[in-house]
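**Q** The following block contains the structure, expressed as structure tokens.
Any read-out appearing in this document is the output of simple, stated calculations on the displayed coordinates, not a laboratory observation. Bear in mind the structure is a predicted one, so any value in this text is a computation, not a measurement. Using ideal geometry, Cβ is built from the backbone for each residue, glycine included, and neighbour counts are taken over all protein chains shown.
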Amino acid sequence: MPQLQDLVLGLQHIGIPTDDIQATIEFYQSLGFSVMHTNEHNHHKVAFLSLGNVVIETYENDQVAAKCGAIDHIALNVSDIKATHTVVRALGYQELEDGIQTLPFFSNGVSYFTIKGPNAEKVEFSQYL
């Protein structure tokens, strides 16, 4: 079985929920970010913004806290989502969904799964397809 450090390529994105996606996009654009991708999922708008090697995923959410600590998840880019899932399950971490999920983002979609960290943080393992 491969080691997790052999599968994780680095930070993929930081997820920030919002109740005003346009204002969030404009704010990050004013800081030099550009929109790489937009989509809609479950009737909520999603946008990915990039600056250098930093990617922010912002998405509409009906229950946005809008307070300090509003980052929802940290996503790690992986080379093989199935192998990563096998390794993480073997480590015994609690998954927040049932197995690997797929979304129609970017050219070919993205597959991911999320675990809960020791401080209730969400850590997402994600692979561009």
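**Q** Just to confirm a number: summing +1 for Lys and Arg and -1 for Asp and Glu over residues other than D62 whose beta-carbon lies under 14 angstrom from that of D62, what do you get?
**A** Working: positive: K45; negative: D19, D20, E60, D72.
Its environment carries a net charge of -3.
**Q** Can you tell me which of 24-32, 42-50 comes out highest on packing, and rank the rest after it, using the mean Cβ neighbours within 10 Å?
**A** Working: 24-32: 13.9, 42-50: 15.8.
Peptide ranking by packing, descending: 42-50, 24-32.
**Q** For every other residue with a beta carbon closer than 14 angstrom to the beta carbon of P2, add +1 if it is Lys or Arg and -1 if Asp or Glu, then tell me the sum.
**A** On the way: positive: K82, R89; negative: D6, D80.
In short, 0.
**Q** Report, in degrees rounded to the nearest 10, the 0 to 90 angle that the Cα long axis of helix 21-30 makes with the longest principal axis of the chain.
**A** Approximately 90 degrees, to the nearest 10.
**Q** In deg cm²/dmol and to the nearest 500, what is the mean residue ellipticity at 222 nm of the chain if only DSSP H runs of at least 4 residues count, each as -39500 (n - 2.57), divided by the residue total?
**A** Working: 3 runs with 24 residues, N = 129.
Calculated at 222 nm, the ellipticity per residue is -5000 deg cm²/dmol.
**Q** Nearest 10 degrees, 0 to 90: what angle lies between the long axis of helix 81-90 and the longest principal axis of the chain (Cα atoms)?
**A** On a 0 to 90 degree scale, this one is about 60.
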